[in-house]
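Laboratory data are not the source of any read-out in this text; all were calculated from the coordinates shown. The shown structure was predicted, so the numbers you read here are calculated from the model rather than taken from an experiment. All Cβ positions, glycine included, derive from the backbone under ideal geometry; neighbour counts span all protein chains shown.
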Amino acid sequence: MKKSIIALMGLFALVACSEDSYQQADKMSETGSVETGSGGMQTNSVDSDVPGHTTPGIPNNSGNYESPYLTPAGTLSPKYHFINNTSNTIVITPSVGFYVWGQPVDPYYGNYLSNPANYPNLFAGGNKYGNTVDLDPIILHPGTSLMHGPATGGLPINGATMGTGFSYSSSLITTNEVLAMMEIGKMHHLTYSIYPRNADPKSVPPFTKGMLKQKVGPDTWDFTMFPNHWKNIVPLSIHPDLMFIANLRDDPTRGELCLTNSPNKPIVPSEVSITDPFGATHTLSYVTDLTDIYVIYQ
């Protein structure tokens, strides 16, 4: 992804995944690789040793951990689904960072070392990994949904400034960081605030709020409980109760970067049960399948 593609971003950027892309997707093996003329590339992260999600309405045919994972960046880019099937209003603030541990991050880190002002958030404190950056909030009123992507980058961030609700502010993230997230970024965690039905989030307080991480194995697991091919990286700088880990099952030199709980710390869930002021009980989940990313309140 280069700067020349910026004008092409948005929901129309890669309406894509052309027929060839879909045919490639059909060739995925259980390890998540797609054979190509150059010897293969990995398009998703699958681990039969880690349980998958069981969220109603979201695909998971294998019962194992599944998540989009793109190498090289921009190939078979995932779709982001933000779904509100309730009578409440929910405000979601995504927090993004690098989706990969390994060489693809090196050029950005080298650029940071030569000019720290280019990436002040993603490499805050000189950490090559361990930081995430908040995007602008997404407001989902009762019964509304937002689907963004497929996009030409690993995270469909830039085109979201065109009014799709998935966007960033210049005060929160630099242009260089936007470009980095377009290429090798993903949403690692989010904060949520939930309001009574049809309430204006700007005029009333939420009746509940909290934080979710992407579901990677059971919510009760910490990094010591993962198979040995998951590499322990560093704590999340803004929330040390969470730890970055990387799935190196298919490639010891690079793999999908995820968050899990730190040992002996409060558990940060990926799914939470919520009872609204009217007595209705709902579930808010952040899960993935082989190709897509879902935040669903139902």
Sorted by Cβ neighbour density within 10 Å, fewest at the top, the residues Thr132, Thr175, Thr291 | Thr175, Thr291, Thr132
The simple spin-label model distance between Ser62 and Ser203, using points 7 Å out along Cα→Cβ, in nm, is 4.9 nm
Checked segment 214-285 with the C-alpha gyration tensor, a ≥ b ≥ c its square-rooted eigenvalues, rounded below a/c of 1.5, otherwise prolate if a/b is larger than b/c and oblate if not; verdict prolate
For the residues Ser67, Ser145, Ser262, Ser285, what sequence is obtained by ranking on other C-beta atoms within 10 Å, fewest first?
-> Ser145, Ser262, Ser285, Ser67
Taking a threshold of 21 Å on the Cα-Cα distance, which of the pairs Lys209/Lys231; Lys79/Lys215; Lys186/Lys231; Lys79/Lys209 fall above it?
-> Lys209/Lys231; Lys79/Lys209
The residues Val91, Val50, Val204, sorted from fewest to most surrounding Cβ atoms within 10 Å, come out as Val204, Val91, Val50
